[in-house]
Amino acid sequence: MDGHNPRVGDIEDTRDLPDDLTPFITRTTVDPISGGAFSDVWKCSYDADGISTLVAVKASRFQEDYDLQRMKREIRREIGILKILRHDNIVPLLGRMKGFGRRPEMDCLVFPWMPNGTLSAYLKSRHNNLTVLERSCLLEDVSAGLRYLHSVPVMHGDITGVYLVLLRYL
């Protein structure tokens, strides 16, 4: 990299970002804003060249007695897979950082912040009352992302509404 710190919003290709984003990330909340069975998510700020951009930091959650080396291998494997994914319906990995979660020494994943939230939250806010066209658009976007993942091929885990984020409202 050439010494400057590119802004997330200006980046065409996330490969232009440094791998370790730790020095550029600032928490906007003390506690995670979301989470699932295996991870917690913090809303943070990526600061470079005097410009701030919101990002999501995902810290894996493991049992206390989990093998540390195995944890590191699993996170490295996930980072390796996410780094190669390039599709309009897949949120790009921006990089990794440390300092979050129950094991702050472990790598966390950094993604662009999706202000429209998850599909589950959107459906709940709309009381599951969507037009046929809105449902069709959502299904097309989700199926396009899945088609891409299966073409790579990537073995994915459970894909539910809490793991699907909206780039735009319908």
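Here the range 22-101 and the range 141-166 have alpha carbon centers that stand 18 Å from each other. Computed over the alpha carbons of the range 56-122, Rg followed by Dmax gives 13.2, 38 Å.
The stretch between residue 148 and residue 124, if pulled fully straight at 0.36 nm per residue, gains 5.9 nm over its current Cα-Cα span. Ranked by the mean number of other Cβ atoms within 10 Å of their residues, highest first, the peptides 45-56, 108-119 fall in the order 108-119, 45-56. Rounded to the nearest 5, the antiparallel percentage of DSSP beta bridges internal to the chain is 95%.
Secondary-structure-derived ellipticity at 222 nm for the chain, considering helices only, amounts to -8500 deg cm²/dmol, per-run term -39500 (n - 2.57) for DSSP H runs with n ≥ 4.
Length available on full extension from residue 26 to residue 163: 0.36 nm per residue minus the Cα-Cα distance, which gives 47.0 nm. The length gained by stretching the chain between residue 116 and residue 45 to full extension, at 0.36 nm per residue less their Cα-Cα distance, is 23.9 nm. Between the beta carbons of residue 85 and residue 54, assuming R0 = 22 Å, the FRET efficiency works out to 0.55 to the nearest 0.05. Projecting label points 7 angstrom from Cα along Cα→Cβ for residue 98 and residue 61 puts them 2.3 nm apart.
Taken over the range 114-170, the alpha-carbon convex hull comes to 79 cubic angstrom per residue. Each Cα pair of the range 31-170 feeds into the Kirkwood radius, which the Stokes-Einstein equation turns, at 37 °C and 0.692 mPa s, into a diffusion coefficient of 199 µm²/s.
All of the numbers you see were taken from the coordinates with simple rules; none came from a lab. The structure displayed is predicted, hence computed values, not measured ones. A quick note on method: Cβ atoms are made from the backbone with ideal geometry, for glycine too, and the neighbour counts reach across all protein chains shown.
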